[in-house]
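The values are calculated or read from the model by the stated rules, or taken from the named source; none is laboratory data. From a predicted model like this one, the values you see are computed outputs, not experimental measurements. Here the Cβ positions follow ideal geometry from the backbone for every residue, glycine too, while neighbour counts run over all protein chains shown.
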Amino acid sequence: MQRMTFRDYMARALSDPTGGYYTRNARIGFSRGDFYTAPELSPAFALLLSRQIVEIDAVLGHPEQFYLMETGPGNGTLMRDLLVSLRLSAPQLARRVRPILYEISPVLVKKQKEKLSSIPLDHPPEWIRPGELSGRDPIDGVILGNEFLDALPVHRLRRKGDSFSEIYIEKDGSGKDIEVEGELSTPSLTEGVHSTAWDYPEGFEWEVQADLCTVVEDLYRFLGNGFMLWIDYGDTARERFSPKREKGSLMGYRKHALVEDVTQADPGSIDMTVHVDFPLLARKATMLGMRLEGFSDQMHYLMNLGIEEWLGDEQFSPEEKAAMVTLIHPLRMGEAFKVMLLSKGIDHRGGWKGFSREPLPL
């Protein structure tokens, strides 16, 4: 293997058609998975998000065709639970919903089709692969992603003297993947570097999420009038360039265990992920002409949407309530996960229930 940027290494490890993690393995869940997501933990997550979707539909004026597009839908659990929840709580909206699933993995598409085949649908779901958005008619509705942006490939930079080097991957004499430093593959990688990064010591690392900008721009072009709702573990600017991130936020997971050195694992055998750069996401969206409607941690977002009313409800078992608590506990998913709502082509001056408290500083 010739030297390659970490961005290309990560892209190959996750998305290679024959050996990538998401194309070959993609194990999501508890008993036999490498990691789990909020929809797998508790159906309350989708029930609460459906309240957000009802709000969005009202702001859009109840369009005849309301497109609900999920990026990186995993096992299909969130889309299934959203559609079931809307059918029960907002049947008129449910009849207008056109589901779209944005997915690269054949393994996961199969699981998603199995999940959605188990529920009644007014309109058949459509699957779109990355790279297939160009030339399609724009949609009105909402594009959402839960733990999607964190899996997009990243460049890795390291502080070196008075400048920065980029981390590359190559093979050593024994054929093992190793990290090496080199000049920046693209000079623009240092654009937008937080000013405090210059104050940190030799060796300070962070990720540049250029693919995030590319993907969001592609989705922006596909969205007519509507919203993007992003939920993911991620950082504010202060968190991103804090001492706790001196080695960046790159992580690997296998069977729910942390893999600290992802280059020592068989490429394609583990999930790789980084904390989402939410300030970058907001800047990119603003540059495209979108409006930041709300930004919160998951704890306050779900509390605003009403999760606390269920914690005292006797119809839920202790196990179900414990799962809900995990969604909002500050030491579990509550603070690490952030929620961002963006709008395009909408002049909405009112508030949003999920973002009714003081906004989280970017």
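Within the option set L157, L229, L212, L250, being of a type in the set (A, V, I, L, M, F, W, C), surrounded by 20 or more Cβ atoms within 10 Å (Cβ to Cβ), under 19 Å from R3 (Cα atoms) and within 25 Å of the chain's Cα centre (by Cα) holds for one residue only, L157.
Out of all the residues in segment 147-171, which are assigned to a strand (DSSP E or B) and over 25 Å from P267 (Cα atoms)?
R159, K160, S163, F164
In segment 254-299, of all residues being on the phi > 0 side of the Ramachandran plot and more than 19 Å from the chain's Cα centre (by Cα), the one that is modelled with the lowest pLDDT corresponds to K255. Per the listing L133, L144, L101, the residue uniquely among the aliphatic types (A, V, I, L, M), closer than 27 Å to V339 by Cβ, in contact (Cβ under 8 Å) with a residue 60 or more places away in the chain and outside any loop (DSSP other than H, G, I, E, B) is L144. Taking (1) at pLDDT 90 or above; (2) farther than 22 Å from G74 by Cα; (3) surrounded by 20 or more Cβ atoms within 10 Å (Cβ to Cβ) in turn, R240 satisfies each apart from (1). Taking the listed residues G289, G334, the one that is under 24 Å from I143 (Cβ atoms) and small (G, A, S) is G289, with no other qualifying.
Grab the helices (runs of 4 or more DSSP H) fully contained in segment 1-89, keeping just those with 1 or more residues being closer than 23 Å to S117 by Cα and either among the small types (G, A, S) or at pLDDT 95 or above (or both). In segment 1-89, 38-41, 44-59, 77-89 are the helices (runs of 4 or more DSSP H) which contain 1 or more residues that are closer than 23 Å to S117 by Cα and either among the small types (G, A, S) or at pLDDT 95 or above (or both).
Yes or no, residue by residue, for (1) buried (at least 22 other Cβ atoms within 10 Å of the Cβ); (2) closer than 21 Å to T37 by Cα; (3) under 16 Å from the mean Cα position of the chain (by Cα):
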{"site": "V107", "(1), (2), (3)": "no, yes, no"}
{"site": "K110", "(1), (2), (3)": "no, yes, no"}
{"site": "P120", "(1), (2), (3)": "no, no, no"}
{"site": "L133", "(1), (2), (3)": "no, no, no"}
{"site": "D137", "(1), (2), (3)": "no, no, no"}
{"site": "D140", "(1), (2), (3)": "no, no, no"}
{"site": "L144", "(1), (2), (3)": "yes, yes, yes"}
{"site": "L152", "(1), (2), (3)": "yes, yes, yes"}
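Looking across segment 336-362 at every residue that is among the aromatic types (F, W, Y) and over 23 Å from K244 (Cα atoms), the one that is surrounded by the most Cβ atoms within 10 Å (Cβ to Cβ) is identified as F355.
Restricted to helices (runs of 4 or more DSSP H) entirely inside segment 252-322, those with at least 3 residues that are touching a residue at least 24 places away in the same chain (Cβ under 8 Å) are 278-288, 298-305. If you go through segment 323-335 and keep only what is surrounded by fewer than 17 Cβ atoms within 10 Å (Cβ to Cβ) and either at pLDDT below 90 or outside any loop (DSSP other than H, G, I, E, B) (or both), you end up with V325, T326. Listed conditions (1) under 30 Å from E40 (Cβ atoms); (2) out of contact with any helix residue (DSSP H, G or I) (no Cβ under 7 Å at 6 or more places or on another chain) are all met by L149, apart from (2). Scan segment 213-237 for residues that are assigned to a strand (DSSP E or B) and not aromatic (F, W, Y) and the total you get is 10.
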